[in-house]
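For reference, the structure is listed below as structure tokens.
The values are calculated or read from the model by the stated rules, or taken from the named source; none is laboratory data. In this text, all values refer to a predicted model and were calculated from it rather than measured experimentally. So basically every Cβ, Gly included, is an ideal-geometry build from the backbone, and we count neighbours across all protein chains shown. To get the accessible areas, we keep the full protein, side chains included, count just its heavy atoms, and leave off ligands, DNA and RNA. Shrake-Rupley method; radii C 1.70, N 1.55, O 1.52, S 1.80 Å.
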Amino acid sequence: LWYFRKAVALYERSGERYQRARALGNMGGVFEKMQKLDSAIVYDRRAIELHEAVGVASTYMAGAYAQLGNLFLRAGRSDSAFHYLLLAKDIDERLGAKRGLYDHYLSLSRAYAQAGDYKLAYDYLNRGAALHDSLFNVEKSRVLTEMETKYQTSRKEKEIADQEKLISQQRIVN
């Protein structure tokens with residue numbers, strides 16, 4: 001927390017609101033991990049105020065909304081939880097930020113289940129599962145492509161080394 005407080009003070013002196021909002025959100029996350037939910041809510045709200053003042057809908061802004069929404073969900077304040085979780089979802093949908101959306105869908109599923117709306121809870125759980133599968137397949141394809149490239153590169157390097165060795169041997173003979 002000490003470093004985050006120093007960062008917030010530096011960003012405040014320099015007038016940098018966006019980075020200060022991120023640092024405040026990080027502080028909220030630390031307080032949440034320490035089980036100090038009231039402090040976490042205060043810092044997350046301050047982070048959101050700055051994000052809104054900057055006016056740039058970013059994945060960090062969506063994350064701040066989601067963090068606050070999840071805090072309210074843990075505190076049993078479902079109206080506030082829905083408000084912030086839906087804002088987070090809307091931003092990440094507009095940005096195409098699938099990893100964030102996956103988390104928001106799962107949070108909304110928990111929120112609807114907690115509120116007793118099991119149909120919407122199930123719907124968001126299915127959305128999250130589908131997105132997870134999509135993200136996993138994209139990552140798996142990337143890893144497989146990378147492995148294939150490494151294999152092909154290694155094979156070509158061996159071919160070149162073998163050819164150079166053959167040429168060297170032929171020079172010695174001649």
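Mind checking whether some residue in segment 109-117 is at pLDDT below 95, of a type outside the set (Ser, Thr, Tyr), open to solvent by 50 Å² or more (accessible area, probe 1.4 Å) and within 18 Å of Leu135 (Cβ to Cβ)? No; the residues of segment 109-117 include none that is at pLDDT below 95, of a type outside the set (Ser, Thr, Tyr), open to solvent by 50 Å² or more (accessible area, probe 1.4 Å) and within 18 Å of Leu135 (Cβ to Cβ).
If you go through segment 13-55 and keep only what is of a type in the set (Lys, Arg) and either in contact (Cβ under 8 Å) with a residue 60 or more places away in the chain or farther than 18 Å from Leu87 by Cα (or both), you end up with Arg13, Arg17, Arg20, Lys33, Lys36. A single entry from Ala81, Ala53, Ala9, Ala23 fulfils the requirement of being open to solvent by less than 60 Å² (accessible area, probe 1.4 Å), closer than 23 Å to Ala129 by Cα and either at pLDDT below 95 or part of a helix (DSSP H, G or I) (or both): Ala81. Please tell me if Tyr3 is over 22 Å from Leu101 (Cα atoms), assigned to a helix (DSSP H, G or I) and in contact with a Gly (Cβ under 9 Å, 6 or more places away or on another chain). Criteria not met by Tyr3.
Pick from Leu125, Leu106: which is open to solvent by less than 90 Å² (accessible area, probe 1.4 Å), touching a Ser or Thr at 6+ places or on another chain (Cβ under 8 Å) and part of a helix (DSSP H, G or I)? Lay out the reasoning, then the answer.
Values: Leu106 fails: touching a Ser or Thr at 6+ places or on another chain (Cβ under 8 Å).
Exactly one of Leu125, Leu106 is open to solvent by less than 90 Å² (accessible area, probe 1.4 Å), touching a Ser or Thr at 6+ places or on another chain (Cβ under 8 Å) and part of a helix (DSSP H, G or I), namely Leu125.
Kindly evaluate Tyr65 against the criterion of being touching a residue at least 24 places away in the same chain (Cβ under 8 Å) and in a helix (DSSP H, G or I).
Values: touching a residue at least 24 places away in the same chain (Cβ under 8 Å): yes; in a helix (DSSP H, G or I): yes.
Yes.
The single condition among (1) modelled with pLDDT under 90; (2) out of contact with any helix residue (DSSP H, G or I) (no Cβ under 7 Å at 6 or more places or on another chain) that Leu135 does not satisfy is (2).
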